[in-house]
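Below is one structure, written out as structure tokens; comments come after it.
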Amino acid sequence: MDQQVTVVDHPLVQHKLTLMREKDTSTASFRQLLREISLLLAYEVTRGLDLTTKRIETPLCEMDAPILEGKKLALISILRAGNGLLDGILELIPAARVGFVGLYRDPETLQPVQYYCKVPAELEDRMVIVVDPMLATGNSSAAAVQLMKDKGAKNIRFLCLLAAPEGIARMRAAHPDVPIVTASIDSHLNDHGYIVPGLGDAGDRMFGTK
Ligand code: URA
């Protein structure tokens, strides 16, 4: 099934993203904004969660009230920048299970190689949300999603803050069944693989490294 790309155009998301893009935004502000924006993006990416009903009693009467169905969802962070999205999402979904995937780029083949992978059990029964703030070439994102499929995941979404058209094309070619949620689709990738206009290196900006 060919799934869509959703750009979350909510004014709060767009406002916070602008502040994050500005080069003089401090590490502390960048981190705080990322936390806030990821909470808002999480609201959108979890729209399709299954509901069932539970019989409850309000102070006035009984009712069949909606409640989430099935196993707790799994968040999969692509190290290291993906971790910046976790805090905000976990504020909204504190019971979510969390996994981590570490990939590096082989200098000769330029292909992503896995150096770490620890994910929750029973991925086949969970909504799995793979998170990475920057969907640039899409190579590591596509590899991480493939890894989750190899581990049994069937219901996968990809959440990022910024996407380049090149990354979206790569993901949609490799994983047309995986919906993508982002706050913006930017213009292009530059020769160094940075998203333009972008926000620079997301990991460096959130962790204060250079
Ligand atoms: N990763 C980043 O952190 N920034 C980009 O622009 C592209 C990839």
Exception for LEU86 within (1) farther than 22 Å from VAL130 by Cβ; (2) surrounded by 14 or more Cβ atoms within 10 Å (Cβ to Cβ) falls at (1)
Of all residues in region 114-149 being over 20 Å from GLY84 (Cβ atoms) and either within 13 Å of the chain's Cα centre (by Cα) or of a type in the set (Ser, Thr, Tyr) (or both), the one that is surrounded by the fewest Cβ atoms within 10 Å (Cβ to Cβ)
ALA142
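Condition (residue is in contact with a Lys or Arg (Cβ under 9 Å, 6 or more places away or on another chain), touching a residue at least 60 places away in the same chain (Cβ under 8 Å) and closer than 18 Å to GLY198 by Cα) applied to region 9-21: is it met by at least one residue? If you could, list the steps in order and put the result at the bottom.
Our first condition is that a residue be in contact with a Lys or Arg (Cβ under 9 Å, 6 or more places away or on another chain); within region 9-21, this holds for 20.
Then drop every residue that is not touching a residue at least 60 places away in the same chain (Cβ under 8 Å), which leaves 20.
So of that shortlist, the ones also closer than 18 Å to GLY198 by Cα come out as 20.
Yes, that holds for at least one residue.
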Evaluate region 97-107: report whether one residue or more is within 16 Å of the ligand (Cβ to nearest atom), modelled with pLDDT of 95 or more, small (Gly, Ala, Ser) and under 21 Å from LEU189 (Cβ atoms).
no
Selected residue (criterion: nearest to GLU36 (Cα to Cα)) from residues of region 154-199 that are of a type in the set (Gly, Ala, Ser), within 14 Å of the ligand (Cβ to nearest atom) and loosely packed, with under 15 Cβ neighbours inside 10 Å
SER187
On the basis of being charged (D, E, K, R), over 18 Å from LEU161 (Cβ atoms) and surrounded by 17 or more Cβ atoms within 10 Å (Cβ to Cβ), does ARG105 make the cut?
no
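The values are calculated or read from the model by the stated rules, or taken from the named source; none is laboratory data. Keep in mind that this is a model prediction, so the values were computed, not measured. When we count neighbours, we look across all protein chains shown, and the Cβ atoms used for this are built from the backbone with ideal geometry, even at glycine.
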